[in-house]
Amino acid sequence: MTMIQLALKSLRHRMFATTATLFSIVLSLVLLLSIERIRRSVEENFTQTVSGVDLIVGARTGSLQLVLYSVFNIGQATNNMSYDNYNKIKNRPEVEWTIPYSLGDGHKGYRVVATNNDFFKYYQFRNHQNIEIIEGQTFSGFFDVVLGAEVARVLKYAVGDKIVLVHGSTTGDSFQSHDDKPFKVVGIMKPTGTAIDRSMYVSLEGMEAIHIDWKSGAAPEKGREIKIDDIKSEMLVPQSITSFFVKTKSKIQILKLQREITEDDTEALLAVIPGVVLSELWQSLSQIEFVLKLISVLVLIVGLIGMMISLVSSMNERRREIAILRSIGATQSTVSKIVLFEVMVLLLASVMVGSSFKLILELILGPWLQKKWGLFLSSPMFSTIDILVLSGTVIFGLIFSIGPILIFRKRSLKDGLSVKL
Amino acid sequence: MNVISIRDLKFGYDQGHQNQLVLNISELDFAKGESVFLFGSSGSGKTTLLEILAGVLKENSGTIQYLKNDFHLLNQIQRDQFRSENIGYIFQQFNLIPYLTVKENIQLPFLFNQKKIDETFYLTLLQELGLKKIENQLAQNLSVGQQQRVAAARAMIIKPQVILADEPTSALDYDHREKFLNLIFDLVRQIQATLIFVSHDRSIMHLFNRQIELSQFNKASLAPESFL
């Protein structure tokens, strides 16, 4: 038998206490690691709601506002920009592609986005994933609509259903509805975990078509409506759009293009780099992040203090055992080493069980989080912070155990071998 | 020949306060091979003396010659080392690590010293102490009598020069006590060790070569609590 076997046998002997301690450390570790993974995922989901886009351009407004209504479905655009200017920028040599957005209509609380097929071709989110249609196809006719995953799920729409858009409202019903020109669902998108799931997409021409007979933002009077059959495609050239996404051919051109758009004399425009604005926005939420982290660190400390307490009580029970080891020639430091080794085994086991528990939990709950909360667990499964937490647990656990060990060293010196209780 | 010579030994748990001394022994010797019965009322410092001789407690002052070594000059680690090679210790009770087998308990000392185990002697010990059948049982499943015999085997296995026993028979009934003592005497003779046996049970004192009443040597035992 070796010293290591002795320590392992001693751990096994106190199986119940050992397991309880292990369990409490594992619980706090799992909590800490899960919070960290969720925090990381939320951040990634948030800052990468749109990816691969270099600039978002719209009428001059706050840069945060522009990003919020273009990417997150939050708030309203105060102004539109002219379609001519959009075309001018689109046709610049340094521009690779663009995605125009025209907002303003809604359906049962969901936002309607008018765009073109470039949206399906180029729009990317989270690590350059493309939009996928899981049912049907993209729009081809004026009155075709493609639904985000959540819209289809919540409103129970299927391909082929007819729906009516309402004017100017994205929340709730509006009395000004486009009921004379219903849309047909032609496609449903795969869940993305972004605002796209809560939007529906029509063509720019479709958006023009339902407003063709409107004058200065009001529905046409009776008898002056234009029938669907009378609409011709040349009537449907958009006058304006809300904003558009730009991808440049080379990253170097982004800043120059941004400046030139912002300095355009013909129209007051704003161009922002979405990644920058999103990170800034996330930074401003860092208080919440900090509180989350603080709570989980406190939980871990409580777990380690729990270990310390159970160590103290186990050492008390083990004074007899220690006296026996001392009587046959074990030095104080040998005894301390045995105890320290036991603590180490306990901590390493906790770290391993905790990590595997976390992984299993994420495997089981991952799909649910995705479906119910639209939260995609980001990769990798372990971050550097996780590694820090795990090694920190071992290191701090060992430091925490030094206290009790020193106390008992001192006490056992005084006790001698007779264990004065 | 003296195995242990104690001169002017002073010990108090509160370092050095003259009036709080537990031990104050000017001269006490133990000869090689003798078996000594050390007795005295509780609180007279018997266990404390044993623990100093075991090198677990450190005297405040005085000299101890131990097998020709200046024991009082050794530091704690050296004393631990010395104990692991030269001293067998038997407690009153609870001598064993409960989660180890009889065999593991007996051979435990070799974890802490450089000596090699003498397998034939191990088998002899098992034989003579009647532990053969329970060799692989866990210590926690043994009777008190069995436990004390295992403890004796563990104290003897390193063939120590000195065996210190702190009331090892107090948990045994009279029949077992005498049997146990005879076994001990047998083994002690075989390995030619000196036995220092602390007890307050004078019914067994006649079995020993020499009887020492500690209070006759310990001047500190006149401290008030020893009158209680």
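The values are calculated or read from the model by the stated rules, or taken from the named source; none is laboratory data. Remember, predicted model here, so these are calculated numbers, not experimental data. Counting neighbours? That spans all protein chains shown, and the Cβs are built from the backbone with ideal geometry, glycine included.
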### Query
Considering only segment A:1-33, how many residues are in contact (Cβ under 8 Å) with a residue 12 or more places away in the chain and either more than 14 Å from every other protein chain (Cβ to nearest Cβ) or in a helix (DSSP H, G or I) (or both)?
22
### Query
Hey, residue B:219 hits all of (1) at pLDDT 90 or above; (2) surrounded by 13 or more Cβ atoms within 10 Å (Cβ to Cβ); (3) out of contact with any helix residue (DSSP H, G or I) (no Cβ under 9 Å at 6 or more places or on another chain) but one; which does it fall short on?
(1)
#### Entry: Selected residue [crowded, with 19+ Cβ neighbours inside 10 Å, touching a residue at least 12 places away in the same chain (Cβ under 8 Å), of a type in the set (A, V, I, L, M) and over 15 Å from residue B:34 (Cβ atoms)] from B:171, B:155, B:193
B:155
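Yes/no per residue for (1) closer than 12 Å to residue A:33 by Cβ; (2) touching a Ser or Thr at 6+ places or on another chain (Cβ under 6 Å); (3) among the acidic types (Asp, Glu):
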position	(1), (2), (3)
A:355	yes, no, no
A:362	yes, no, yes
A:366	no, no, no
A:371	no, no, no
A:379	no, no, no
A:385	yes, no, no
A:389	yes, no, no
A:400	no, no, no
A:407	no, no, no
## Note on the structure
Selection from segment B:108-125 of residues farther than 23 Å from residue A:337 by Cα, of a type in the set (A, V, I, L, M) and without any contact (Cβ under 8 Å) to a residue 12 or more places away in the chain yields B:123
### Task
Filter segment B:157-174 down to the residues that are more than 11 Å from the chain's Cα centre (by Cα) and small (Gly, Ala, Ser), then identify the one that is modelled with the highest pLDDT.
B:170
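Please tell me if residue A:319 is at pLDDT below 90, of a type outside the set (Val, Ile, Thr), at negative phi and in contact with an Asp or Glu (Cβ under 7 Å, 6 or more places away or on another chain).
Considered against the rule, which asks whether it is at pLDDT below 90, of a type outside the set (Val, Ile, Thr), at negative phi and in contact with an Asp or Glu (Cβ under 7 Å, 6 or more places away or on another chain), residue A:319 comes out as yes.
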### Task
Would you check which residues across segment B:108-141 are touching a Leu at 6+ places or on another chain (Cβ under 8 Å), surrounded by 19 or more Cβ atoms within 10 Å (Cβ to Cβ) and either within 24 Å of residue B:87 (Cβ to Cβ) or within 14 Å of chain A (Cβ to nearest Cβ) (or both) and list them?
B:108, B:111, B:112, B:125, B:129, B:131, B:139
## Note on the structure
Here the residues within segment B:56-70 that are under 20 Å from residue B:31 (Cβ atoms) and either within 14 Å of chain A (Cβ to nearest Cβ) or among the aromatic types (Phe, Trp, Tyr) (or both) are B:66
### Task
Consider residue A:412 carefully, then state whether it is within 26 Å of residue A:47 (Cβ to Cβ), of a type in the set (Gly, Ala, Ser) and buried (at least 17 other Cβ atoms within 10 Å of the Cβ).
no
### Message
Among the numbered criteria (1) surrounded by fewer than 17 Cβ atoms within 10 Å (Cβ to Cβ); (2) within 14 Å of chain B (Cβ to nearest Cβ), which one does residue A:356 miss?
### Response
(2)
### Filtered residues of segment A:253-285 (kept if polar (S, T, N, Q), part of a helix (DSSP H, G or I) and closer than 23 Å to residue A:84 by Cα)
A:253, A:258, A:262
### Task
Filter segment A:301-335 down to the residues that are more than 14 Å from chain B (Cβ to nearest Cβ) and small (Gly, Ala, Ser), then identify the one that is surrounded by the fewest Cβ atoms within 10 Å (Cβ to Cβ).
A:313
### Task
Can you confirm whether segment B:83-103 contains a residue that is part of a helix (DSSP H, G or I), within 10 Å of chain A (Cβ to nearest Cβ) and either among the hydroxyl-bearing types (Ser, Thr, Tyr) or touching a helix residue (DSSP H, G or I) at 6+ places or on another chain (Cβ under 7 Å) (or both)?
yes
## Note on the structure
Counted residues in segment B:34-63 being more than 18 Å from residue B:88 (Cβ to Cβ) and within 12 Å of the chain's Cα centre (by Cα) come to 1
### Message
Being farther than 18 Å from residue A:385 by Cβ and either modelled with pLDDT of 85 or more or touching a Phe, Trp or Tyr at 6+ places or on another chain (Cβ under 9 Å) (or both) is the filter here; which residues of segment A:281-291 pass it?
### Response
A:281
#### Entry: Extreme residue, nearest to residue A:231 (Cα to Cα), among residues of segment A:194-206 that are surrounded by fewer than 23 Cβ atoms within 10 Å (Cβ to Cβ) and among the aliphatic types (A, V, I, L, M)
A:204
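Quick one: is residue B:154 touching a helix residue (DSSP H, G or I) at 6+ places or on another chain (Cβ under 6 Å) and either within 12 Å of another protein chain (Cβ to nearest Cβ) or not polar (S, T, N, Q) (or both)? Write out each step before concluding.
Details: touching a helix residue (DSSP H, G or I) at 6+ places or on another chain (Cβ under 6 Å): yes; either within 12 Å of another protein chain (Cβ to nearest Cβ) or not polar (S, T, N, Q) (or both): yes.
Taking the combined requirement at face value, the residue satisfies it.
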### Query
Name the pairs whose Cβ atoms lie under 8 Å apart, with the first residue in segment A:34-50 and over 19 Å from residue A:199 (Cβ atoms), the second among the basic types (Lys, Arg) and modelled with pLDDT under 85, and 6 or more positions between them or separate chains?
A:35/A:293; A:36/A:293; A:39/A:293; A:44/A:126
#### Entry: Selection count where residues are crowded, with 23+ Cβ neighbours inside 10 Å and of a type in the set (Ser, Thr, Tyr), scope segment B:63-107
3
### Task
Kindly check whether there is at least one residue in segment A:366-384 that is under 29 Å from residue A:301 (Cβ atoms), of a type in the set (Gly, Ala, Ser), in a helix (DSSP H, G or I) and away from every other protein chain (no Cβ under 14 Å).
yes
### Message
On the basis of being touching a residue at least 12 places away in the same chain (Cβ under 8 Å), more than 14 Å from chain A (Cβ to nearest Cβ), within 16 Å of residue B:217 (Cβ to Cβ) and out of contact with any Gly (no Cβ under 8 Å at 6 or more places or on another chain), does residue B:27 make the cut?
### Response
yes
